[in-house]
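Scroll down for the structure; my scribbles are underneath it.
The values are calculated or read from the model by the stated rules, or taken from the named source; none is laboratory data. Predicted, not measured: the structure shown is a model, and the values here were computed from it. For neighbour counting, all protein chains shown are included, and Cβ atoms are generated from backbone atoms with ideal geometry for every residue, glycine included.
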């Protein structure tokens, strides 16, 4: 797989900001995930390895270490439910159950229609307003079943 020319040019420019070209790998993975389908496929990892002069296993090591990189296709909307101690004590299990029932997606998987992915996350730093979830990069706090239904009901 070759990067589209526009993305390749953007990655070349990105690498000029670092003293070592390889230091641009993490931001490059972010851009690849954004531009090339929402996840980091094995082909994307191989293209990054070639671009950065690395072995594919090195790129995989970075991509698999950080939870913000998706190594399998995700739904159109990604819901990450915090399940750390504060959220757990304030009803995270009920939120997870309700979100899974409402979307049809199992924890760690996609809904049959491909619209949703549900993940369980560690602390998102919103403990004072637990329970919470991150929906497509936006925090939603103090969740109740009614609030969850209102949030998810507005999605296409």
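What about residue 53, is it out of contact with any helix residue (DSSP H, G or I) (no Cβ under 9 Å at 6 or more places or on another chain) and either over 25 Å from residue 138 (Cβ atoms) or surrounded by fewer than 17 Cβ atoms within 10 Å (Cβ to Cβ) (or both)?
So residue 53 fails the test.
List pairs: first residue in the range 14-30 and free of Cβ contacts under 8 Å to residues at least 40 places away in the same chain, second residue buried (at least 17 other Cβ atoms within 10 Å of the Cβ) and assigned to a loop (DSSP other than H, G, I, E, B) anywhere in the structure, Cβ distance under 7 angstrom, at least six positions apart or on different chains.
Taking only residues 6 or more apart or on different chains, the pairs are 22/54.
Tell me, yes or no, whether the range 130-137 has at least one residue that is free of Cβ contacts under 8 Å to residues at least 12 places away in the same chain, touching a strand residue (DSSP E or B) at 6+ places or on another chain (Cβ under 9 Å) and either surrounded by fewer than 19 Cβ atoms within 10 Å (Cβ to Cβ) or part of a loop (DSSP other than H, G, I, E, B) (or both).
There is at least one residue in the range 130-137 that is free of Cβ contacts under 8 Å to residues at least 12 places away in the same chain, touching a strand residue (DSSP E or B) at 6+ places or on another chain (Cβ under 9 Å) and either surrounded by fewer than 19 Cβ atoms within 10 Å (Cβ to Cβ) or part of a loop (DSSP other than H, G, I, E, B) (or both).
Say we look at the range 97-119 and pick out the residues that are surrounded by fewer than 19 Cβ atoms within 10 Å (Cβ to Cβ) and assigned to a strand (DSSP E or B); which of these is modelled with the highest pLDDT?
Looking at residues that are surrounded by fewer than 19 Cβ atoms within 10 Å (Cβ to Cβ) and assigned to a strand (DSSP E or B), I get 107.
Can you tell me which residue among 75, 80 is assigned to a strand (DSSP E or B), within 25 Å of residue 26 (Cβ to Cβ) and in contact with a strand residue (DSSP E or B) (Cβ under 8 Å, 6 or more places away or on another chain)?
Every option except 80 fails the conditions.
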